[in-house]
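Asks: Pasting a structure here, questions to come.
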Amino acid sequence: MRRADPRDAADVETVVALLDAYARDPFGGAHALSDAARQALGPALRDRPGMHALLAFDGAAPVGLAICIEGFSTFAGKPLLNLHDLAVRADARGRGAGRALMDAVVALATSIGCCKVTLEVLEGNTTAQALYARAGFAPYALDAQHGRATFWQRWIAADAAVGDIAPKGAPQS
């Protein structure tokens, strides 16, 4: 397990390859990354403050990826870390890479002074939900009376979705 170096072409290639494999998975949208997303990811990791990529290995083979983005908790008045993407190659699942990545994300958040780690997960991805629960995560709620928070989105423009694949039938402006 180690942080990816966004200035190292091999590391950027590894991040893109692992993210593309995730994007092609049904839980990642089942579509390959666009060429624009492939080209934008390396510079974004390098040039955007608060972007972090962690790589998991099985021997020398890269098998997993966590991409995190720093944010801020207004209620706590402290930084937070959002786990934006967690991906383990299909042929490497069930061997501990996901849990190791989760532990590394929490360690990263702790090292940079974050008050919490946030993430989103599809309702039907029960395998990921079980991993997150084992790592100490739970659905977000401020008050049980008002229910759990849900993650919403609005596409701004078709070309603004660089790297994100709009679901079939999603409105495009």
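Asks: Take the residues in segment 123-149 that are among the aliphatic types (A, V, I, L, M) and at pLDDT 95 or above; name whichever of them is surrounded by the fewest Cβ atoms within 10 Å (Cβ to Cβ).
Replies: Ala138
Asks: Also: Of the residues that make up segment 74-84, is at least one farther than 19 Å from Ala141 by Cα and either surrounded by 18 or more Cβ atoms within 10 Å (Cβ to Cβ) or acidic (Asp, Glu) (or both)?
Replies: Looking for residues that are farther than 19 Å from Ala141 by Cα and either surrounded by 18 or more Cβ atoms within 10 Å (Cβ to Cβ) or acidic (Asp, Glu) (or both), one finds none in segment 74-84, hence no.
Asks: Among the residues of segment 41-53, what is the count of those that are surrounded by fewer than 17 Cβ atoms within 10 Å (Cβ to Cβ) and out of contact with any strand residue (DSSP E or B) (no Cβ under 7 Å at 6 or more places or on another chain)?
Replies: Total meeting the criteria: 5.
Asks: May I pose another question? Output yes when any residue across segment 12-27 is more than 27 Å from Phe137 (Cα to Cα) and either touching a Ser or Thr at 6+ places or on another chain (Cβ under 9 Å) or without any contact (Cβ under 8 Å) to a residue 40 or more places away in the chain (or both), and no when none is.
Replies: Within segment 12-27, one or more residues are more than 27 Å from Phe137 (Cα to Cα) and either touching a Ser or Thr at 6+ places or on another chain (Cβ under 9 Å) or without any contact (Cβ under 8 Å) to a residue 40 or more places away in the chain (or both).
Asks: Have a look at Arg95, Arg38, Arg89 and point out the one that is farther than 28 Å from Pro139 by Cα, among the basic types (Lys, Arg) and surrounded by 14 or more Cβ atoms within 10 Å (Cβ to Cβ).
Replies: Result: Arg38 is the single residue among Arg95, Arg38, Arg89 that is farther than 28 Å from Pro139 by Cα, among the basic types (Lys, Arg) and surrounded by 14 or more Cβ atoms within 10 Å (Cβ to Cβ).
Asks: Those residues that are in contact with a helix residue (DSSP H, G or I) (Cβ under 8 Å, 6 or more places away or on another chain), small (Gly, Ala, Ser) and outside any strand (DSSP E or B), I need them from segment 63-90; list them, please.
Replies: Ala90
Quick grid of which residues meet (1) in contact (Cβ under 8 Å) with a residue 24 or more places away in the chain; (2) closer than 26 Å to Phe72 by Cα:
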{"residue": "Ala32", "(1), (2)": "no, no"}
{"residue": "Gln39", "(1), (2)": "no, no"}
{"residue": "Ala44", "(1), (2)": "no, yes"}
{"residue": "Arg48", "(1), (2)": "no, yes"}
{"residue": "Asp58", "(1), (2)": "yes, no"}
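Asks: Right, another one. Out of the residues in segment 11-62 meeting the condition of being among the hydrophobic types (A, V, I, L, M, F, W, C) and part of a strand (DSSP E or B), tell me which one is farthest from the chain's Cα centre (by Cα).
Replies: In this case the residue turns out to be Ala61.
Asks: Being modelled with pLDDT under 95, aliphatic (A, V, I, L, M) and either outside any helix (DSSP H, G or I) or surrounded by 12 or more Cβ atoms within 10 Å (Cβ to Cβ) (or both) is the requirement here; does Ala109 meet it?
Replies: no
Asks: Of (1) crowded, with 19+ Cβ neighbours inside 10 Å; (2) modelled with pLDDT under 95, Ala56 satisfies all except one. Which?
Replies: For Ala56, the failing item is (2).
The values are calculated or read from the model by the stated rules, or taken from the named source; none is laboratory data. This one's a predicted model, so the numbers in the text were calculated from it and none came from an experiment. We place every Cβ from the backbone using ideal geometry, glycine too, and count neighbours over all the protein chains shown.
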